[in-house]
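Accompanying notes for the structure given below.
All of the numbers you see were taken from the coordinates with simple rules; none came from a lab. Being a predicted model, the structure only gives us computed values, none of them experimental. Backbone-built Cβ (ideal geometry, glycine too); neighbour counts: all protein chains shown.
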């Protein structure tokens, strides 16, 4: 099976880290900050810069302990367990998608005037073309992606220096007097609105499995990138306030455009605007390249569709996750157009809610796993993360107190978090056998009343036909459910035959027993299985049939070998599975590939044919054939009875 390839070195990771930490606030934040706290906004820039560097060190320690794809999600899993890590992973993915859309929309607004001919069409076409282009680059290899990011990083630094260097020679010191013009709480509100400028530490960690020596390279790259960003953000704010008094600066929508006009003239402003466009596009590119690795990690842990954990055999990239992310990015882009200010207001509180448990992971893991090797250690790990978390909470509280619509937006953000809870339980149902047993028990009677729709009579007759002549034979039904098909087998084998009907759900077993008793089928033995194995009471069998059970089994080969050990030579098997539920939800990955199905059954001693037939709401997979050889199951005692 193909694996991700480690190709990225320090400079590529630095470019990735810097691109992820460049927020829209770098170019628009100085005017917003001036409106909330005047010259005192410099304190907010300095504090956020210092916090950003420290949080980078926190992420550095965490990734040095767990250098795996998915990064921040992996840290959460190691600290809090499966459910909490899924919620954090969902938040990481949701915020990343909003940010990608925001950066593209902001970039286009800088490049194209709303009054331009065909503006709406151009906006859509350019946005979609960019998403497709960057995803194609990400698809063909992480090395190609790194070159792209290095170019965008060079543009980002060049744009900043083009303003900073000449701007330092035009500063009017009197602009900073008086300095303390607002109450101290205004600094917290300012920090809320510029915080997005510094967020993005997690993106670099998503690619941990594609970075050379990630335990050393990622912490170093994160710290350098955070330091550069803290310096650029503070100095740009200093230059902006030094040239334009804060009262005027707070009224300007595009402060860097105004500064470039003053310092470099009309042509300079055009060049800087183009540079800002490419910088924003570069930040979007970081999200587009890194986010599929989060999907890949979730899928690998069966917290998303397992198909997304596939790695391309040639390019060594998570290609299915990239394709999926391409589609999602385009959909979210259309959702955000016209409403992106609302979505932008959600990013900061959602990000803070997401970051706090990740940041606290360092302190918890120092206590929980003190002997775990840490090739990089953040200073003051016992209480530093707690202080940063309290500071983040204070920033949110300051925002809630100062903005009239903040509470409604905050509650909207919490509702978006709540969406992931039912998703988690759906995935548990999809993959977790224990959850399947519970759900089967709960909905056993519903299955009984809807059996004619979920398992149509023509399909049942087709399976009986595929089983062949089973009159007077002994047949195993693995996964009998509520006895829908058991009734047909019981009649087909006649009273001189025998049926073993097994299931993992106690309630479904009780229902099946009741139905068999009512029908007078005393030759049917209904057994409750306590795990994915065959009941010890099942001995020699002439044929085996199973309806929609393979997808729930954790170790399919183990079960198939157990069936093989009880089945006579040339004994018949028929398995029916469902795929592409409602044309959307695929089955377990291996059931989607005929050759892989045949290979698994062959290793377990069977030769099978496979047919796929489309139903109304899903696809039916008919797997049928014969036992061609006996295969022993390691760890299972040989059957005392010779069934050959």
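Here are the numbers:
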| quantity | calculated |
| --- | --- |
| The stretch 141-162 residues near the modelled residue 212 label - backbone nitrogen below 15 Å, point 7 Å along Cα→Cβ | 142-144, 146-147 |
| Sites residue 247 and residue 446, calculated FRET efficiency, Cβ-Cβ separation with R0 60 Å, nearest 0.05 | 0.35 |
| Gain upon complete extension [residue 367, residue 401; 0.36 nm per residue less C-alpha separation] | 8.7 nm |
| Prolate/oblate/rounded call for the stretch 441-627, Cα gyration tensor, a/c under 1.5 rounded | rounded |
| P(r) histogram, all alpha-carbon pairs of the stretch 271-421 included - 5 Å bins from 0, percent | 2, 7, 10, 13, 15, 17, 17, 12, 5, 1, 0 |
| Cβ crowding within 10 Å averaged over residues, with 556-562, 264-270 ranked highest first | 556-562, 264-270 |
| Helix axis angle, 384-402 relative to the chain longest principal axis, alpha carbon, degrees | 70 |
| Added length on full extension, which subtracts the Cα-Cα distance from 0.36 nm per residue, residue 327 to residue 632 | 105.2 nm |
| Using alpha-carbon coordinates, inclination of helix 10-21 to the longest axis of the chain, degrees | 80 |
| Within the chain, helix-based [θ] at 222 nm, where runs of 4 or more DSSP H residues each add -39,500 (n - 2.57), nearest 500 | -20500 deg cm²/dmol |
| Dmax and Rg, reported as Rg then Dmax, of the stretch 458-567 (C-alpha, Å) | 12.8, 36 |
| Rounded tilt (10° steps) of 119-140 against the dominant C-alpha axis of the chain | 60 |
| Point-to-point label distance, residue 510-residue 540, nm (Cα→Cβ direction, 7 Å offset) | 3.6 |
| Sequence of 356, 347, 151 once ranked by neighbouring C-beta atoms within 10 Å, starting from the fewest | 151, 356, 347 |
| Sites residue 496 and residue 424, calculated FRET efficiency, Cβ-Cβ separation with R0 51 Å, nearest 0.05 | 0.55 |
| Neighbour-count order for 503, 589, 469, fewest beta carbons within 10 angstrom listed first | 469, 589, 503 |
| Estimated inter-spin distance, residue 176 and residue 231, nm [label 7 Å along Cα→Cβ] | 1.9 |
| Identified option (computed Rg/Rh (Cα atoms, Kirkwood Rh); candidates (i) 1.10; (ii) 1.07; (iii) 0.95) | (i) |
| Additional length obtainable on full extension of the chain from residue 554 to residue 387, 0.36 nm per residue less Cα span | 55.7 nm |
| Ascending count of other beta-carbon atoms within 10 Å, so fewest first, for 528, 521 | 528, 521 |
